[in-house]
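Undergrad: Pasting a structure below so you can have a look.
The values are calculated or read from the model by the stated rules, or taken from the named source; none is laboratory data. This is a predicted model, so every value here is computed, not measured. Cβ coordinates were reconstructed from backbone atoms using ideal geometry, including for glycine residues, and neighbour counts include every protein chain displayed.
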Amino acid sequence: MPLVGWIKSGGTFSGRPLLLKRSLQSVEDNFFFADRQVTLVRESVASGKTVSRRDTKGWSGVSDGRDVRLPPENAAKQAAEHRESFMHLNFGRTILAGVAMAAMLGAAVVPVEAATLRMAWAQDATGLDPHKQTAFSSLRLLELVYEPLVRLDAKYNVVPAIATSWEFSADGLTLTFKLDPNAKFSTGESVTSADVKASYERLLDEATAAAARANFLSIKSIDTPDPQTAVFNLSQPDAPILVAMSGTNASIVPASAIADGSIGTKAIGSGPFKLDEWDPNVKDVLSANPNWAGGKTGVDGITISVLPSESAIIDSMRSNQTDFALFNDPLVATLIPGEPGMTLNRIPGLAYNVLQMNPARPPMDNLKVRQAISCAVNRQEVIDTALVGEGKVTGPLTMEAYASDPSTLFCYKQDVEKAKALMKEAGQEAGFSVDVIAATGEPPYAANEAQVLQSQLAAIGVKLNIKTMDLKVYVDTWLKGDFDMAVAQNGGRPDPYPMYNRYFTKDGNLVNVSNFTDPELDSLLQQGRVETDPAKRKPIFQQFEARLAEQAPWVWISSTVTYTANLDSVKNYEINPSGLLFSLSKATVGQ
Amino acid sequence: MNYLAQRLLTFPLVLLGVSLLVFFAIRLVPGDAIIAMLGTEAGLLTEAQRASLAQYFGLDQPIVVQYGRWLMGLFEGNLGISVTYGKPVLEVIIARFPLTLELSLLSMLIALAVGIPAGVFAATRADRPSDLTVRVFAMLGQSTPSFVVGLVLIYFLSATFRILPAMGTFTPLFEDPLGNLGQMILPAITLGFSFAAAVTRISRSAMLDVLSDDYVRTARSKGASQRDVVWGHALPNALIPVVTLSGVEFGYLLGGAVIVEQIFALPGLGRLTLDAISQRDYPLVQGAVLFIAFNFLVVNLLVDLAYAALDPRIRLGGK
């Protein structure tokens, strides 16, 4: 039995007669080895490596023949149990010597110099080019390796990263960044304004196929008056651009790596870690970047294992094979608080669950029908039933800084009578039948959500036929706008403009998906974009949100929750929704 | 013509058929590599961006041209570049193959070590309670799906009693043989379970057949002991169907045990192929399937050659 499990099961020294049955000789063997144990534990703690069977031969409780990793807290606990059980046995002076050994064992594990954090996730990164990747795990992995000019803190405030300060000109047409003179790539080379210029030019080049290009179209040119200053000349005032620059998709990469085309194969960044090995869908190995301007990282490295499912990750954490993990599925994540020695960290995310209607197709082209559907939905019930109570009822805006109180939005309190009246006004008293698409497993509760909506909408005669499909097929269908309705989980942005510009303005890239534009929404988004004063932006976006909820092209249901979990041996991790893994840069393991 | 040469000549034809099938089948699946990489964000791409990605993923040419190019590459021993790994396909496959080979060998070892003695034992006690017990177990073994066996093993041995680790980072055999074995034994048992059941059933019925043959009766009348008769005279002849079964089964296992690798988080060929399909990594899917087909052909050939070794009366190739 592994040491850890053995200790967790109550340390059978005193329980089962493991030790008691042994002869005095074997007890003395234990003392003999106690000395070796101290050294081994010291070594294992210092190197973060495992203690192998060869090293622990004769070491009681570790005779299972497998390698064990010895977290110091457990070692200390083991020491305590040694002490306790030996005292019970009361063998006199020899025992006291043993107790002293055991006490030393406890003392030896206090200073932690180095450790590797063992992380797991169920979905690995899909590529290494920070400008091209959009998959959740790719962005999380790359935020450890690359840095953007600025970052967001847990409250979505813009804070320094490579840039130490920034300033918009009075007319809002230039944005000037001062770069951190200490910022260095993992190769040791300084990050200069030339790298910034080259990175943004790469982003804007259509041949790059950069995911975030659409957010940076107002960049006219970039000047580099000196190596520590980068000046962005804009074609129009663009308040949200700063937030867009905080994403991993706007990472600064070395100009030399752009020139030799090695981005995507070698990940050279200025972030807290460097990527030593990427074995897709198996494991990712990172080690601390000694050149990181942010200082020393809390751990020497991170190993990320790709496990088949999130419940497998819980198993792995239970058997102390994994220290830290990301979770997407609330059904799995909510199991963690019941597990001894594990902590669940949760924070509201910006992504939202939504029932998308297709206003290009009758009868959803009728505003009253859409409104009737919005009124017939009981959002809290969807959360309670399909989402195990995780998340909050939300309007279109999920970021705290701009969101309105959902109860002020159109029909956010279920009103079946009103819904029926609206159906009647629309001439749809008899109801109708439509298909709703949902992706299998993405989000994990999509099918449950669709079923709850199905039963709620049945009350007003709207019959939903649920069609679940493989994610890629779903995405294909979704991008073509080839659906009556869709249960979706869409990503959010800290700023309303980039979040909805794509869907609800006539030039939006995803207007084929929403099939809905409205001049008023268009103009409100544009006003919000050019207004740089946050106090003035808020009422503009609240008006936008109210209008969108009332026009009801979609029925916004709930905000999502982002989860991470760790063993209690992981300290100093503070969850940050826009830097779930970046926050690991100061985390320590095994104290 | 020499039997071996004849068989070897059919290899390219079979492989060509397989390549055609997999090449076009994978492209019939909706969603391409661009969607697999970008998800819904793929909708944000401009035409020029999309074209540039299509070119990168090799999707910009008509499908027949793509096939032609790929085939030409094959003749040069080049299976293409995996779009997820950015490495040559063959290199990626070879890196995953040792695990699959080890797992296949281990489970075959378990299957033969358990199955043959159990089958022989049952045959010599035909229709007695001990035979019935073995047959019930064999039936159970064959009819229990591997994911059930795997999950039950994980539940009891890893989660409840913590005897073996369920999963973590995979340890390669040569880095740490014991650690590796600890990780491999549960999956090997899972795979070996139904394999052993099949071996038991086949060796039992083959043994029963052989035991009623004249030469066995002759051996008995000449005073050979029961042990000599069973293990010395009868077993070698009873082994032929066991070899056939094991060969076919081994060939399947070499294709990667998709479900078991998935349950135990083992980075083998099965999981590689599955991931490649879900990421629409066409070159990798094609390469992996071709590699699996090739292994299957080789194993089958070896099985045929083994017949001749087991029974000199069998002449391969007729004449």
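Undergrad: Would you confirm whether or not the stretch B:171-180 contains a residue that is assigned to a helix (DSSP H, G or I), within 29 Å of the chain's Cα centre (by Cα) and at pLDDT 85 or above?
TA: no
Undergrad: Continuing with this model, one more query. Restricting attention to the stretch B:45-80, which residues are of a type in the set (A, V, I, L, M, F, W, C) and away from chain A (no Cβ under 14 Å)?
TA: Within the stretch B:45-80, B:I63, B:V64, B:V65, B:W70, B:L71, B:M72, B:L74, B:F75, B:L79 qualify.
Undergrad: Which residue out of A:Y402, A:Y352 is hydroxyl-bearing (S, T, Y), buried (at least 21 other Cβ atoms within 10 Å of the Cβ) and under 21 Å from A:A439 (Cα atoms)?
TA: Exactly one of A:Y402, A:Y352 is hydroxyl-bearing (S, T, Y), buried (at least 21 other Cβ atoms within 10 Å of the Cβ) and under 21 Å from A:A439 (Cα atoms), namely A:Y352.
Undergrad: I would also like to ask the following. Testing A:A163 on (1) in contact with a Ser or Thr (Cβ under 9 Å, 6 or more places away or on another chain); (2) modelled with pLDDT of 95 or more, one condition comes back false. Which one is that?
TA: Looking at each condition in turn, A:A163 falls short on (1).
Undergrad: Regarding the stretch A:428-443, can at least one residue be identified that is of a type outside the set (A, V, I, L, M, F, W, C), modelled with pLDDT under 95, crowded, with 21+ Cβ neighbours inside 10 Å and under 21 Å from the mean Cα position of the chain (by Cα)?
TA: The answer is yes, given that some residue of the stretch A:428-443 is of a type outside the set (A, V, I, L, M, F, W, C), modelled with pLDDT under 95, crowded, with 21+ Cβ neighbours inside 10 Å and under 21 Å from the mean Cα position of the chain (by Cα).
Undergrad: Name the residues in the stretch A:229-239 that are at pLDDT 95 or above and either acidic (D, E) or buried (at least 19 other Cβ atoms within 10 Å of the Cβ) (or both), would you?
TA: Once the filter is applied, which keeps residues that are at pLDDT 95 or above and either acidic (D, E) or buried (at least 19 other Cβ atoms within 10 Å of the Cβ) (or both), the stretch A:229-239 yields A:A230, A:F232, A:L234.
Undergrad: Do the conditions hold for A:R202, that is, is it among the basic types (K, R) and within 23 Å of the chain's Cα centre (by Cα)?
TA: Judged against the criteria, A:R202 is not a match.
Undergrad: Suppose we filter the stretch A:126-174 for residues that are touching a Phe, Trp or Tyr at 6+ places or on another chain (Cβ under 9 Å) and among the acidic types (D, E); how many remain?
TA: 3
Undergrad: For the stretch A:528-576, enumerate the residues that are in a loop (DSSP other than H, G, I, E, B), among the hydrophobic types (A, V, I, L, M, F, W, C) and not assigned by TED's automatic domain parsing to the domain that holds A:A446.
TA: A:I575
Undergrad: Next up: With respect to B:P187, determine if the residue is in contact with a Leu (Cβ under 8 Å, 6 or more places away or on another chain), assigned to a helix (DSSP H, G or I), at pLDDT 85 or above and at negative phi.
TA: It is true that B:P187 is in contact with a Leu (Cβ under 8 Å, 6 or more places away or on another chain), assigned to a helix (DSSP H, G or I), at pLDDT 85 or above and at negative phi.
Undergrad: Taking the criterion of being touching a Leu at 6+ places or on another chain (Cβ under 6 Å), outside the structural domain of A:N328 (by TED's automatic domain parsing) and within 15 Å of A:E550 (Cβ to Cβ), would at least one residue in the stretch A:359-371 satisfy it?
TA: yes
Undergrad: Here's another thing I want to ask about it. Any chance you could count how many residues in the stretch A:208-239 are polar (S, T, N, Q) and within 14 Å of another protein chain (Cβ to nearest Cβ)?
TA: 2
Undergrad: Would you confirm whether any residue within the stretch B:135-157 is surrounded by 15 or more Cβ atoms within 10 Å (Cβ to Cβ), modelled with pLDDT of 85 or more, of a type in the set (A, V, I, L, M) and not in a loop (DSSP other than H, G, I, E, B)?
TA: The answer is yes; a qualifying residue exists.
Undergrad: Still on this structure, I have one more. Out of all the residues in the stretch A:125-142, is one or more in contact (Cβ under 8 Å) with a residue 40 or more places away in the chain, assigned to a strand (DSSP E or B), buried (at least 22 other Cβ atoms within 10 Å of the Cβ) and in contact with a Leu (Cβ under 8 Å, 6 or more places away or on another chain)?
TA: Scanning the stretch A:125-142 turns up no residue that is in contact (Cβ under 8 Å) with a residue 40 or more places away in the chain, assigned to a strand (DSSP E or B), buried (at least 22 other Cβ atoms within 10 Å of the Cβ) and in contact with a Leu (Cβ under 8 Å, 6 or more places away or on another chain).
Undergrad: Within the stretch A:194-207, is there a residue that is touching a residue at least 12 places away in the same chain (Cβ under 8 Å) and in a loop (DSSP other than H, G, I, E, B)?
TA: No, there is no match, as no residue in the stretch A:194-207 is touching a residue at least 12 places away in the same chain (Cβ under 8 Å) and in a loop (DSSP other than H, G, I, E, B).
Undergrad: Using the structure shown, decide if B:A224 is hydrophobic (A, V, I, L, M, F, W, C) and part of a loop (DSSP other than H, G, I, E, B).
TA: Taking the combined requirement at face value, the residue satisfies it.
Undergrad: Which of the residues belonging to the stretch A:270-318 are among the aromatic types (F, W, Y) and either within 11 Å of chain B (Cβ to nearest Cβ) or part of a strand (DSSP E or B) (or both)?
TA: A:F273, A:W278
Undergrad: Now for a different question. Kindly check whether there is at least one residue in the stretch B:216-226 that is more than 17 Å from B:F147 (Cβ to Cβ) and buried (at least 19 other Cβ atoms within 10 Å of the Cβ).
TA: There is no residue in the stretch B:216-226 that is more than 17 Å from B:F147 (Cβ to Cβ) and buried (at least 19 other Cβ atoms within 10 Å of the Cβ).
Undergrad: Report, by residue number, each residue of the stretch B:12-38 that is in a helix (DSSP H, G or I), within 14 Å of chain A (Cβ to nearest Cβ) and either more than 21 Å from A:D470 (Cβ to Cβ) or of a type in the set (A, V, I, L, M) (or both).
TA: Listed by number, the residues that qualify are B:I26, B:L28, B:A33, B:I34, B:I35, B:A36, B:M37, B:L38.
Undergrad: Ok, one more. Got a sec? Which strands (runs of 3 or more DSSP E) wholly within the stretch A:399-514 have at least 1 residues that are within 14 Å of chain B (Cβ to nearest Cβ) and in contact (Cβ under 8 Å) with a residue 60 or more places away in the chain?
TA: Strands (runs of 3 or more DSSP E) meeting the threshold: A:485-490.
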